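Here the structure comes first, spelled out in structure tokens, and everything after it is commentary.
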Amino acid sequence: MLKPIIVEDALNIGNKLFIDVRSPAEFAEATIPGAINIPILDDYERAEVGTVYRKESREGATAVGLDFVASKLKEIYEKIKDYSNKYDSIIVFCWRGGMRSKSVCNFLNAMSITNTYQLVGGYKAYRKHVVDFMNQSIDKYRFVMLHGHTGVGKTHILELLHQCGQPVLDLERLAQNSGSVFGDIVFEGSPPTQKNFEAFIFECLSRLQSNYVFVESESKRIGSVHVPDSLYNRMMSGDHVLIETSLHNRIEIIYSDYVNQLTHKNEKIIDAIRHLNKRLGNDVVENLIRRIENKEYKYVIEYLIEYYYDPLYKYSIEKYCPYDLVITYQKIEDVIKKLENFVQYI
């Protein structure tokens, strides 16, 4: 018997697995975070079925689809059977809760895999749930935004806050980009699509128990994605904290993030610096590249801090003055205590 489940209930049950039975291209464009893809039609097959549907009939398209699926049923059964033994609930979905997910669920039930559910409305319903959350529920959060010049360690502070059990929204991690010309060097994963980025934000915020959230100061665009308007506006209306530290600390943090932890990445660093030709000039850029080739990384870091980053972000730092809190530190751990004290009064 087919067991439907709505998005809200599906998200709230434990030990579940979402299975996306759409084509790989659909899955790559957008899916539910944590879902795995077990497509009943690959991209070519889906296109063929669509062609028959448009040029001939629904019945003809169904027949073509069945031919494609028939040879895959054993493999689909074996994969999902294995997952059904590991998870209490298997939630199957397609684009809008139509034929693809229904046929898979009926087949699984016939094969006595009874802990499967069909997601009502499919991915489309999940996407609406995310959009509604962004438009209607974001105002319940109070954001504590961390500002500071490049290299003060804002991302590391978020990591330490998270380790201490504080609520954190790390937009750069979700976007797989640090939001600068060097933004894609540290992150090894592929950047998400816009829809997946918004789903990651929803997943993070909806799990929080607190009404306040720590977040790093960001521009509206982070790499290839942008922060939704409702979230960005709410962040701007929150509390603003300025983080300061010594030039020495900033150089060491940047060195650790971009050089010390990376191997064979000179090419990426050099490519990023070449993007600064218009701002710094060809001669300066070529000098910086030579310094990198000679492993004079700290010279390059200090130069970029003084002549590129600090001038570039001067306005964005000053526009939030006076800040709700200014923290100047030598040891980054001291920042955590001051931030925890600050939110006690929110």
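The values are calculated or read from the model by the stated rules, or taken from the named source; none is laboratory data. The shown structure was predicted, so the numbers you read here are calculated from the model rather than taken from an experiment. No Cβ is skipped: glycine too gets one built from the backbone with ideal geometry, and neighbour counts run over all protein chains shown. We work out accessible area using only protein heavy atoms, side chains counted, and drop any ligands, DNA or RNA first. Shrake-Rupley method; radii C 1.70, N 1.55, O 1.52, S 1.80 Å.
When its C-alpha radius of gyration is set against 2.2 N^0.38 Å (N residues), the chain gives a value of 1.22. Overall, the accessible surface of the stretch 204-346 at a probe of 1.4 angstrom is composed of carbon and sulfur to the extent of 48 percent.
The angle between the Cα long axis of helix 73-86 and the longest principal axis of the Cα atoms of the chain comes to about 60 degrees, rounded to the nearest 10.
What angle do you read, to the nearest 10 degrees and between 0 and 90, between the alpha-carbon axis of helix 43-55 and the longest principal axis of the chain? Helix 43-55 sits roughly 60 degrees off the main axis of the chain.
Remark: the stretch 292-346 projects, on average over all directions, an area of 5.6 nm² (convex hull of Cα atoms). Taking the Cα centre of the chain as reference, the dipole from Cβ charges on Lys and Arg (+1) and Asp and Glu (-1) amounts to some 740 debye.
Just need the relative contact order of the stretch 214-346 here, percent rounded to a whole number, with Cα pairs under 8 Å and 6+ apart.
37 percent
Pairs of Cα atoms nearer than 8 Å and 6+ residues apart set the relative contact order; for the stretch 121-248 it is 42 percent. Peptides 247-258, 17-28 ranked from most to least packed by the mean count of surrounding Cβ atoms within 10 Å: 17-28, 247-258.
Rounded to two decimals, the Cα radius of gyration of the stretch 103-150 over 2.2 N^0.38 Å is 2.07. Charging the Cβ of each Asp and Glu at -1 and of each Lys and Arg at +1, and nothing else, the dipole of the stretch 80-142 about its Cα centre rounds to 200 debye. For the stretch 221-346, a crude dipole built from +1 on the beta carbon of Lys and Arg and -1 on the beta carbon of Asp and Glu, taken about the Cα centre, is about 260 debye to the nearest 20. Shown here are the Rg and Dmax of the Cα trace of the stretch 199-331, at 17.8, 53 Å. For the cross-link pairs K154/K337; K268/K295; K154/K268; K298/K331; K72/K195, which exceed 18 Å when the distance is taken from alpha carbon to alpha carbon? Cα-Cα > 18 Å for K154/K268; K298/K331; K72/K195; rest within. Cα extents for the stretch 1-77 along the principal axes, largest to smallest and rounded to whole angstrom: 43, 31, 24.
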